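Right, one structure below, let's go through it.
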Amino acid sequence: MAKERLDSDMHAVLTASDVRKTFPAASQGGEVEILHSVSVSVRAGEMVSIVGPSGSGKSTLLYCLAGLERPSSGLVTIDGVDIGALSPRRLAVLRRRRVGFIFQSYNLIPSLTAAQNVALPARLAGRHPARQEITAALRSVELEALADSRPGSMSGGQQQRVAIARTLLVKPAIVFADEPTGALDAASGRRVLDLLRSVSDAGSAVLMVTHDLESAARSDRGIVLRDGTVHQELAEPTPEQLLDAVAAAA
Ligand SMILES: Nc1ncnc2c1ncn2[C@@H]1O[C@H](COP(=O)(O)OP(=O)(O)OP(=O)(O)O)[C@@H](O)[C@H]1O
Ligand SMILES: [Mg+2]
């Protein structure tokens, strides 16, 4: 048991210790603390979901962990690097090389084709992926035929799959997903979930915020947030267990 814990810590791709986030309060000019001392870790190849009532701090936490927001205090490491100690420029480089993002929308650049969108993060990271590498990534999400199409002519599910193909090309240490199936119908959502699952099976960590408890139940672990704290962690949760935990956190 102790050894297992040691191994899991060694393989943590993401660690967060005592993360707090305050925002300026809307009225009286003070501050309001939204995240209170949150600690989590995610291992390579592990898929973890963050669930919880609306306003519990899920998106804020995800953004702090992904280096898109700076925590007010606490330590966040990605790949063993303390991201709070990085300059904005070095943080941007780490994000480009080691981190993937799948958000509910606005994932793709409208003026670029699917193939160009897939190649973009790799190019920004200084690589020049071969056409066949791009084609293979699009094939793995079954969208090879749309390589030269632009996002405007694709369905939401297709756009989300292009975003996943883009992630496959970079092979990031960790993929952050905020409501990746939120805008999709059930069948498209399942397909996106299958693909995210395959991203984690291929060795990347996946950390996903979702309201969809069926999706969350596909994870190895569910983290239930309540009012900016970790209320509960569930290993290999069922949708029913997640529902009970979220209801208890409301
Ligand atoms: N930039 C900000 N300034 C001030 N308050 C903020 C800011 N961003 C978020 N909040 C507040 O922090 C709390 C948590 O917001 P957050 O968006 O993280 O919740 P969430 O769990 O993602 O909710 P939802 O399920 O509705 O997406 C809310 O009360 C919100 O109003
Ligand atoms: Mg949110």
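The values are calculated or read from the model by the stated rules, or taken from the named source; none is laboratory data. If you're wondering where the values come from, they're calculated on a predicted model, not measured in any experiment. The protein model used for the area step is the full one, side chains on, heavy atoms only, and it has no ligands, DNA or RNA in it. Shrake-Rupley method; radii C 1.70, N 1.55, O 1.52, S 1.80 Å.
Numbers below:
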read-out: Under 5 Å, built H, 5+ apart or other chain: amide partners of ARG226; value: HIS231
read-out: For the range 60-65, 3J(HN,Hα) per residue [Karplus equation, 6.51 cos²θ - 1.76 cosθ + 1.60, θ = phi - 60°, Hz, x = Gly/Pro]; value: 4, 4, 4, 5, 5, 6
read-out: For the range 118-250: relative contact order, % (alpha-carbon pairs under 8 angstrom, 6 or more apart); value: 17
read-out: At 1.306 mPa s and 10 °C, Stokes D of the range 191-249 from Kirkwood alpha-carbon radius, µm² per second; value: 133
read-out: Cut-off under 5 Å, modelled amide H: who pairs with VAL13 long-range; value: VAL42, ARG43, ALA44
read-out: Other-chain or far-sequence residues with amide H under 5 Å of MET208's (modelled H); value: VAL48, SER49, ILE50, ALA177
read-out: Accessible area of the chain divided out per residue, in Å², using a probe of 1.4 angstrom; value: 49
read-out: Length-normalised contact order of the chain in % [C-alpha pairs under 8 Å, at least 6 apart]; value: 26
read-out: HN-Hα J in Hz across the range 173-180 - Karplus 6.51, -1.76, 1.60, θ = phi - 60°, x for Gly and Pro; value: 5, 8, 10, 9, 10, 10, 6, x
read-out: Estimated vicinal HN-Hα couplings, Hz - the range 87-103 in sequence order (Karplus 6.51, -1.76, 1.60; Gly, Pro = x); value: 5, x, 5, 5, 5, 5, 5, 4, 4, 5, 7, 10, 10, x, 10, 10, 10
read-out: Kirkwood-type radius of the chain, with distances r between different C-alpha atoms, in Å; value: 18.6
read-out: CD proxy at 222 nm, helix term only [per DSSP H run n ≥ 4: -39500 (n - 2.57); per residue of the chain; nearest 500]; value: -11500 deg cm²/dmol
read-out: Shape category assigned to the range 1-133 from the gyration tensor of Cα positions, a/c cut at 1.5; value: oblate
read-out: Portion, in percent, of the accessible area of the chain that falls on carbon or sulfur, probe 1.4 Å; value: 51
